[in-house]
Amino acid sequence: MTKATNSKGKKEKDGSKVWQFLCSVKLAVIIIIVLAVSCIVGTIILQQRTPEDYIRKYGEGLTKFFSAIQLTDIFHSYWFALLLVLLCVNLGCCTVKRWRNTILQIGFLLTHISIILTLIGCFIDLQFGEKGGVNVYEGKSVDYYLRRGDYKKIPLNFKVYCDDFLIEKHPPKYRLVSYVKDKDRQRNLPVKIGKKNKIPGSNYIVTIKDYYPDAEYLQEPINISSDPRNPAIYVQLVGSEDVAAEGWLFAKGRNWYNDPRRGLKIEYLWANNDEDFEKLIKTAGKSHRPELNIIVDEKNIHKSVIIEEGKRFSIDNTYYKIEIKEFTLDYVNRSKPLKEQSPNNPGVRVEITGPQGIDSRWSFAKYPDYWDQAHQTKYKDIKLICYVPDDFSLASKKLRIVQNKNGKQAFSYIKDEKVISITDWEINKGYDIGETGQQLQIAKYFPSYSVRKEVVRKSDNHEGHDHMPGEHVGNPAIFVEIDGPRGKVEEWVLSQSPAMWYPDKNFALLYERSGMEVKDYKSILRVVENGETVLTKTIEVNDPMKYKGYVFYQSSYDPEGEKYTGLQVTKNPGLVVVYSGFILLCVGIVFIFYVKPFLRRKLKKGQKVENYYSEDEIAAEHIEQ
Amino acid sequence: MNFMLNITFYLFILCIVAYIVREVWRAKALRWIAFGILSGAFILNTALVLQRWYEANHVPMSDKYESFVFFAWSIALVYLIMELVTIFIARVHESRLGIIGALQCALSAWMLYFAINSDSTIKELPPALQSNWLVVHVINYFISYSALSISFSAAIVYLIYRAIYRGRAQEIVMSGAGSQLSRDVTFDKLAYISVTIGFPFLTVGLITGSIWAKGAWGTYWGWDPKEVWSLISWLVYLAYLHLPMFLPKTSISKSFRPILLSIVLLVAFPIVLFTFMGMHKLPTAGDSDHIYAE
Ligand code: HEM
């Protein structure tokens, strides 16, 4: 190298060895390679996780090693920063050393200076920039944002109003997806009527047979046999003018109906023979009552009492005395009369008197552990469980409808646990219920109740424009035939319903929504400073609002409804510098690779190449001498 | 749709054969046959891109399927331009460029193969992708990738020639005689030229990507894995461009230097491809905003 320098007769800036090294391409190449390798490592080792995450993933030893040399946050580590500083120094030194005022040098100078500029700009942003976010409710305003990382409230000296927030949506699209168990692979099938789709890697063949753009599941009750396999009746309670309540009752399923408004309970029973029938129709039957179970594990005590407000009792072998203070069917509405409460959240309040005084507790039927977990109880050894039967009713009046195989059918009217009257009934006839003014009518009787499911076209009023499969619409459905190891199966697959499985449970089809739902979201923002509106702008993704060095980006939205807009707030004082770097880099690079080669051709014959090129470039043989 | 895609794919396969035949027999007529078939494949590929554009209602380079088709298209385009330039501007009469042609066609075919096997349903663009910067960014990257792929092919051919002929100067792509060139161009030189064409586009791609990210997410650089890998690709080519100035000062012999440089290119292009389509394999992929599951 010394030889080259001498022979070219340039100003000897032999300086120290350190200077030579700082200027050298050797250092440049080393830095570039080290940077590249660090970058690779930074995407292979997980970054910025908790220590537990690292220990779980890499083990104790490696974790220690990683954090010792800052491999867990490479891009913010000291050595990475040092590397970038070194890069700047190298660029700066070589630029200074090479500085000559010739046109051909422009590219080299621009590119190298631009990279220094960019890095300086980044540094300014890192030091003086701000970044954070804030949600603004529609019609409300904020005068602060939350800083990223620590969520500290940073004040803005102006207010940002969100006057309106809109989400634009795409019309829905659907796709038919097949799924083969254990193959871990989904496949999209084209929805084309008549098309046979062989599912690769399996023996299933799916044929699309029909398509409804807007389909509906009809569930129609039907009777499938005259044998009483699943007896059901359709009961109507008729008031003075119209039907007050109606519905199906199933002798072998949900066989009761509670009408708290009218203080009436209806039940439907099936008798196996005539003897049974007589018994059922003539007895009032016992209705189940809510119970309180008291358990003291240590003493092996298990006591169960019917819940009645004001009831007091003591527990044998203990000091405890218990009083039932309050019972409710719906805790939130417990101030209403009990008869008007619906059984949403039944509970009982109990006072336990013991050596440490009174302990008052609620015990809820649906959340047995709630109270103990949420409160400090005095007597931990005593456990309360509130039990409320499903068909619990406070009604004093009861209708009991009984039928049997031999065709006997009657109902008894029961009041205050006493049978008042017994009436034989027939389909579709009205019968007075005592003196209540109501009538009972049994509109249908299905000995073997079942449901026929049928998919139908919803509204066929799309006349004129036929939709292609996959375009627009309400709730599309596809009729498919699946041929597999268990033969052919035909079925409707509706969008928005669960996957449809082939009988062998190894293959499924799903007709689901696909693609992005949200097309765009926009907020109309207004900046108010000192009580005056100074700026209004509709922002959307890719189109932020700028004010006083702050930039407000549309970054998220309220997933439920459109109540608030999510803004990202940044302040990048170094941005101008960074962007200048970008521009210079583009110009410089275009110059080096596209302009310089042509300029070179135009060099006057007499002028020596050496006047325009560094010895390094000549040595690199990239120019034609 | 799918039918046309398959035809294009097979045409590219045919091109590989045509270019190999052309290199074996070296008849002038064959040059135009291979060129013609590639032009046909290119036109069909253009139609694919346009049709998709029309159907999807957005510039067709947003999902996997679209970018594979578009990449195949740009590979063919850049190679065709290169061949036209050597014939009509550099006026080269003797050239071995067809070897590169065969490799480029193979790459195009490979990309179309991916396209055939990926989900081609049209998806709506998420709001962040609805930006003009995206279009500039992606086009720059694909032109760059196509030029860089030529450097990769040339490096492979150079290394093979060097292995076979052991420095008996057989590695010439274009002879300078009777052309506008002042001297013969070897495969390693061709690789270097391709990098000087591709690298500026790579740089502009990186910068426009950063500007777009600033507009859409508010951060021009967030050390996202995808960003980091595009920086890595850029750094490797930067190292390649600076190496020739540094190598003469080392004890590495003059004849070995092009081999070393070719090896760098051999490493560099797979990094580019990884950045383009291998990101979901990274352990840190879950942290990324820009990597979508396979
Ligand atoms: C896009 C980016 C870059 C381009 C286009 C570029 C281009 C060039 C060119 C054309 C030269 C030769 C100039 C001459 O000797 O007259 C050169 C030299 C050099 N470059 Fe870069 N460069 C870039 C980035 C970098 C970076 C990031 C570094 C630092 C790590 C760097 C360090 C050097 C060094 C040290 C020289 C040596 C010149 C000498 O021998 O004194 N360059 N570069």
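A few remarks follow.
- Pairwise centroid distance, computed over Cα atoms, of segment A:267-281 with segment A:98-127, Å: 98 Å
- Inter-chain neighbour count for B:113-125: the average number of beta-carbon atoms from partner chains within 10 Å of each residue's beta-carbon is 3.
- Residue-by-residue Karplus 3J(HN,Hα) for segment A:214-222, coefficients 6.51, -1.76, 1.60, Hz, glycine and proline x: 9, 10, 9, 8, 9, 10, 10, x, 9
- Sorted peptide list for A:586-595, A:383-392, B:233-242, criterion being average Cβ within 10 angstrom, highest first: B:233-242, A:586-595, A:383-392
- Segment A:354-400-segment B:1-26 distance, computed between alpha-carbon centres (Å): 80 Å
- Peptide packing: for A:41-48, B:245-252, A:75-82, the average count of neighbouring Cβ atoms within 10 Å per residue gives the ranking A:41-48, B:245-252, A:75-82, highest mean first.
- Acute angle (nearest 10 degrees) that the helix A:106-128 long axis makes with the longest principal axis of chain A, alpha-carbon atoms: 40 degrees
- With contacts taken as Cα pairs under 8 Å at a separation of at least 6 residues, chain A carries a relative contact order of 22 percent.
- Residue-averaged beta-carbon neighbours from other chains (10 angstrom radius) around A:548-558: 2
- Taking the helices alone, chain A has a mean residue ellipticity at 222 nm of -6500 deg cm²/dmol, built from -39,500 (n - 2.57) per DSSP H run of at least 4 residues and averaged over all its residues.
- Relative to one another, the C-alpha centroids of segment A:16-63 and segment B:40-98 are positioned 38 Å apart.
- Cα long-axis angle, helix A:25-44 against chain A (0 to 90 degrees, to the nearest 10): 0 degrees
- Per-residue packing, averaged as other Cβ atoms within 10 Å, sorts the ranges B:220-228, B:98-106 into the order B:98-106, B:220-228, beginning with the highest.
- Working from Cα pairs under 8 Å separated by at least six residues, relative contact order for segment A:291-387 is 27 percent.
- In the structure shown, the pairs A:169/A:537; A:97/A:131; A:458/A:488; A:398/A:453; A:181/A:252 are assessed against 32 Å; a Cα-Cα span above that value is assigned to A:97/A:131; A:398/A:453; A:181/A:252.
- Candidate membrane-span-like segments in chain B, meaning DSSP H helices with Cα atoms spread over at least 20 Å of their own axis and a Kyte-Doolittle mean of 1.6 or above, are B:97-116, B:257-277, with no membrane implied.
- Helix A:575-590 and the longest principal axis of the Cα set of chain A meet at an angle near 60°.
- Summary value for chain B: 17 percent relative contact order, contacts being C-alpha pairs under 8 angstrom separated by 6+ residues.
- Look at the stretch B:212-218: the mean tally of other chain Cβ atoms within 10 Å of its residues' Cβ atoms is 6.
Bear in mind these aren't lab numbers, they're just calculated from the coordinates by the rules spelled out. Computed from a predicted model, the values in this text were never measured in an experiment. Counting neighbours? That spans all protein chains shown, and the Cβs are built from the backbone with ideal geometry, glycine included.
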